[in-house]
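Just below is one structure, and these are the notes that go with it.
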Amino acid sequence: MSAKATASKKSSLSFEQSLAELETIVQNLEQGELSLDESMRLFERGLSLSKLSQEKLQQAEQKVKILLDDNQQQLTDFALNDLSLSE
């Protein structure tokens, strides 16, 4: 697979898909049944997915900040005792 195709595949993954694949990679590596070459390949893929996930989180955080700035609102901490379960 070319570098361009790999980059396109990575960027098309959703945050959730990226995390799911990362979890699978971690499980496979923890089992210790892979060859060194396969372990290194998966480790590299995991690093790439981790970076992609961090970038997506940063983008989402930036969007939230922009939306809040546009509305001149601030986020407040969520407290469970502020909710009333009975109506």
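Each value in this text was obtained by applying a stated rule to the coordinates, not by laboratory testing. In this text the structure is predicted, and so the values were computed from the model without any measurement. Virtual Cβ from ideal backbone geometry, glycine too; neighbours counted across all protein chains shown.
With R₀ set to 22 Å, the beta-carbon distance separating Phe43 from Glu23 gives a calculated FRET efficiency near 0.95. Taking label points 7 Å from Cα along the Cα-to-Cβ direction, Ala79 and Phe15 give a separation of 2.6 nm. 3J(HN,Hα) couplings calculated from phi for region 60-67 with the Karplus curve 6.51 cos²θ - 1.76 cosθ + 1.60 (θ = phi - 60°) are, in sequence order, 5, 4, 5, 4, 4, 4, 5, 4 Hz; Gly and Pro show x. The order of the peptides 12-19, 65-72 by mean Cβ neighbours within 10 Å, most packed first, is 12-19, 65-72.
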